[in-house]
Each structure stands twice: as structure tokens, then as C-alpha cells.
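Engineer: Below are the C-alpha cells for one structure; questions will follow.
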Amino acid sequence: MSTSTHYQNTQGLCSGAPQDWLRGAPLGEADFLNIVQDLHRKYGDVVRIASNEVSFSTSAAWDDIYSNRGGSPAFRKSEVWHSPTRGFPASVLFTIEPKEHSRMRRAMGPGFTERAVLEQELIVQHYADLFVQRLRERISAASDKATTVNIVEWFNFLLFDITGDEEVQYHE
């Protein structure tokens, strides 16, 4: 069933509701995501979460919504989810205007060709191996063989090592 067919049959929190109480509630992001996940469990793959917003929980919906394959343009990105963060430069992930997004993608494209990615494979593999080695060392050094690490922080270290490597060529 296509996304547009799903949309016509939406149920959920705000079907016909005049206000968007979920968006206005003083919730943390995790609370909001948990509530939406619960709504999907109750109502299915497509849930209306506001008077003008629908949430989809299937991967097929991602292609239907964000892809411009098949001759039809992609839907415009939501300003709620994709607006740039104040104080940060525009990025391809958070650019709502389709022409600007396309310009950014074209500029980045050469760095993601199969040839360009394969040229970086040994560098990425080196830092991935080092990443795993350092995590193992951290666990071995723990007195009770149990330790806690902030894995987000560690993945940031890995990303910094890879992108900071002098051998990595991002453009020619």
C-alpha cells in the first residue's frame, strides 16, 4: 500500500482535533518519541500526531516521502524537523529549500562515488580497528572487568580521527 493510501486512512491522537497538544506539551524529546511509538503500536504504521502532521513508521514511507524517484518530486521537508539550528551553518541535512539542497548534494557528490569511498577504505579500517582495540583495552583495564563508556563520545572520537586524517581527501 502506498504512503498516500495510508495517509487517507490515518487514525490517532489528533484526528479532527483543533489543537496540537502533543507539540505544545512540555516534554523532552525522548518522551515525545516514546509517545509517538506507543501511538504506532496502538493505531498502526500511520498515525496523525497533530492536526497537520502524520507520523509513518515504515521504511517504505521514507522513500515515498523523501525520494524524488519515479518522476514525482519529493515532499518539501518539514520546518519542524529540518530547520537549521541557530548559530550553525546550513547543512545538506537541514536545508529545506529544494534548490539549495540539490546544490549542496551536487557539491558533495564527488566525495561519495564508489571510487572515492574505496580510496578511503584503508584509512577508515585503520581507525575502526584502533577504535575496537582501545575499547578492549578500556575493558581489560577495569578491575571488575565491567566498565561503562559513553559510546556516543567514542564514536565522535572515531569520526574526528577519520575526518582529521591528513590522508583523507575530500575534494580534488
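Engineer: Applying 1/(1 + (r/R0)^6) with R0 = 25 Å to the Cβ-Cβ distance of Ser72 and Gln37, what FRET efficiency is obtained, to the nearest 0.05?
Structural biologist: Once rounded, the FRET efficiency stands at 0.30.
Engineer: 7 Å from Cα along Cα→Cβ at both Ile162 and His126: what's the point-to-point distance in nm?
Structural biologist: Placing both labels 7 Å along Cα→Cβ, they lie 1.5 nm apart.
Engineer: Still on this model: How large, in percent, is the carbon and sulfur part of the accessible surface of segment 60-172 at a probe radius of 1.4 Å? Intermediate values should be presented prior to the final figure.
Structural biologist: Working: 5520 of 9490 Å².
Result for segment 60-172: 58 percent of the exposed heavy-atom area is carbon or sulfur.
Engineer: Please give the charge dipole size of segment 88-172, origin at the Cα centre, charges +1 on K and R Cβ atoms and -1 on D and E Cβ atoms. Round to the nearest 20 debye.
Structural biologist: Working: 9 positive and 14 negative charges, 68 e Å.
My answer is approximately 320 debye.
Engineer: Listed highest first by mean packing, meaning other Cβ atoms within 10 Å per residue, what order do 83-94, 130-141 come in?
Structural biologist: Values: 83-94: 10.1, 130-141: 11.7.
Averaged packing, sorted descending, gives the order 130-141, 83-94.
Engineer: Applying a 10 Å radius around every beta-carbon, put 37-49, 151-163 in order of their mean neighbour count, most first. Don't skip to the end; give the middle numbers.
Structural biologist: Values: 37-49: 16.7, 151-163: 12.2.
With the highest mean Cβ count within 10 Å placed first, the list reads 37-49, 151-163.
Engineer: Quick one: length gained pulling Glu100 to Ala141 fully straight, 0.36 nm per residue minus the C-alpha distance? Mind showing how you got there, number by number?
Structural biologist: Working: separation 41, 0.36 × 41 = 14.76 nm, distance 4.93 nm.
Once the chain is fully extended between Glu100 and Ala141, it gains 9.8 nm.
Engineer: Separate question: Placing +1 at every Lys and Arg Cβ and -1 at every Asp and Glu Cβ, with all other atoms neutral, what dipole size does segment 43-141 have around its Cα centre, in debye to the nearest 20? Could the numbers behind the result be given before it?
Structural biologist: Numbers: 13 positive and 12 negative charges, 54 e Å.
With only Lys, Arg, Asp and Glu charged at Cβ, the dipole is about 260 debye.
Engineer: Using θ = phi - 60° and the Karplus form 6.51 cos²θ - 1.76 cosθ + 1.60, what ³J(HN,Hα) does each residue of segment 86-91 get, whole Hz, x for Gly and Pro?
Structural biologist: 4, x, 10, x, 4, 9
Engineer: For segment 72-126, report the accessible area per residue in Å² (1.4 Å probe, heavy atoms, rounded to an integer).
Structural biologist: For segment 72-126, the solvent-accessible area averages 85 Å² per residue.
The values are calculated or read from the model by the stated rules, or taken from the named source; none is laboratory data. Given the structure is predicted, the values throughout are model-derived calculations rather than measurements. Please note: Cβ atoms are built from the backbone with ideal geometry, for glycine as well, and neighbour counts cover all protein chains shown. Ligands, DNA and RNA are excluded from the accessible area calculation, which covers all protein heavy atoms including side chains. Shrake-Rupley method; radii C 1.70, N 1.55, O 1.52, S 1.80 Å.
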